[in-house]
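As structure tokens, the structure follows; a few thoughts come after it.
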Amino acid sequence: MEINRRKFMLKGSQVLLAASAMPSLSWAQKAASPRFQIALSQYSLRALLKDGSLTALDFPQFTLDTFGIKTVDLWEGGLPKDKLDDKAYLTQLREQAAKAGTDIYLLMTGALFSHPKKVDQSLKQIIPSIDRAATLGCKYLRVFLSAQDMESSVEAMKRLADEAAKKEITIVIEPGSSKLSSKGKFLAELAEKVNHPHCKLMPDFGKLKNKVYEGTQAMLPHAASVSAKMHSFDDKGLQPDFDYVRLTKMIAESDFKGVIAIEWEGNNLKPVAGVKASQKILAESFKQNGITI
């Protein structure tokens, strides 16, 4: 009996030691997760949505089948207008995405106006989008900021972030909608002053005007996601508006980790061809910086 008891205790201690040496499942999953996830913005396929050859409900499966992309964002303009506040429809869309094995990570909405005379009404219009994002299972709500000045912008964003936090949604500000908010340095300073866990930034190369590199660099420390804007391609398959090798190098050297969403805005290629060309240049640019995506 004594020998058996000792054997049992020895074996038990060995099991405990082995278990303590093993990483937790959550840690292992995190370790296995790639640094960047490539997503597709629904806006890229707006022409197909407009002509009826693609519906919002079919978008997740179409994205997976056509491009092999498992992360998507939605655009309120790409959803049926009469279904925006139809929870049954939004739940169905969420279920369709889950069935396809895709993740709806973000919903894109309109602009928040920071002007003191407009901010209350603007917040009333944006807050329903927080509910829509939550119903869809999104993590982020992408907004523009029509900035009057820094002080009013900080106040407006704090109010919106507080509302978003109630639904565990994070607001990400996309450049544009006003002269001030088209400047990456302004948005970076804004994010620092707001200092809210539910208020982040989303660099968009096409919205940073002539200071895309400076603006992106400033925004990256506060970025929750990146919009990889594409406008056109030259005869070598390169994006003439931006140096993608330079931009991906900047991203790679930063601390950013998360979703990089392809947003094809051009019209010299049809939507599917435009997205595929975008995938190619993004992958090749990261590869030149030693990263496989």
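What to note about this one:
- Remark: region 275-283, residue by residue, has Karplus-estimated 3J(HN,Hα) of 5, 5, 5, 5, 4, 5, 5, 5, 5 Hz, where x stands for each Gly or Pro and the curve is 6.51 cos²θ - 1.76 cosθ + 1.60 at θ = phi - 60°.
- Interchain or long-range residues, amide H under 5 Å from Ala223's placed H: Leu201
- Residue-by-residue Karplus 3J(HN,Hα) for region 108-114, coefficients 6.51, -1.76, 1.60, Hz, glycine and proline x: 9, 10, x, 9, 9, 8, 8
- Pairs over the 21 Å Cα-Cα cut-off, from the set Lys70/Lys183; Lys185/Lys211; Lys87/Lys167; Lys50/Lys81: Lys70/Lys183.
- Here the Karplus curve 6.51 cos²θ - 1.76 cosθ + 1.60, taken at θ = phi - 60°, turns the phi angles of region 72-82 into couplings of 9, 10, 10, 10, 4, x, x, 9, x, 4, 7 Hz, with x standing for Gly and Pro.
- Listed values (i) 63, 40, 35; (ii) 82, 48, 41; (iii) 46, 45, 35, entry calculated as Cα extents along the principal axes in Å: (ii)
- Gain on full extension, evaluated as 0.36 nm per residue between Glu265 and Glu151 minus their Cα-Cα distance, stands at 37.8 nm.
- Expressed as a whole percent, the accessible area of the chain that falls on carbon and sulfur atoms is 53 (1.4 Å probe).
- Amide hydrogen proximity for Ala111: with H placed 1.01 Å from N in the peptide plane, the residues at 5 or more positions away or on another chain lying under 5 Å are Phe144.
- The mean sequence separation of alpha-carbon pairs under 8 Å and at least six residues apart, normalised by the residue count of the chain, gives a relative contact order of 16 percent.
- Label separation (His115 vs Ala252): 4.5 nm, computed from points 7 Å beyond Cα along the C-beta direction.
- Average accessible surface for the chain: 52 Å² per residue, computed with a 1.4 Å probe over protein heavy atoms with every protein chain in place.
- Taking Cβ atoms as reference points and 15 Å as the exclusive limit, the residues near Lys211 contribute a net charge of +2, counting Lys and Arg as +1 and Asp and Glu as -1.
- Scanning residues 5 or more positions from Gln37 or on other chains, those with amide H under 5 Å from its amide H are Gly258, Val259, Ile260, with H placed 1.01 Å from N in the peptide plane.
- Neighbours of Asp120, meaning other residues whose beta-carbon lies under 13 angstrom from its beta-carbon, give a summed charge of +2 when Lys and Arg score +1 and Asp and Glu score -1.
- Per-residue [θ]222 nm for the chain (sum of -39500 (n - 2.57) over DSSP H runs n ≥ 4, rounded to 500): -15000 deg cm²/dmol
The values are calculated or read from the model by the stated rules, or taken from the named source; none is laboratory data. From a predicted model like this one, the values you see are computed outputs, not experimental measurements. Neighbour counts run over all protein chains shown; Cβ positions are idealised from the backbone, glycine included. For the accessible areas, the whole protein counts, side chains as well, though only heavy atoms, and no ligand, DNA or RNA atoms are used. Shrake-Rupley method; radii C 1.70, N 1.55, O 1.52, S 1.80 Å.
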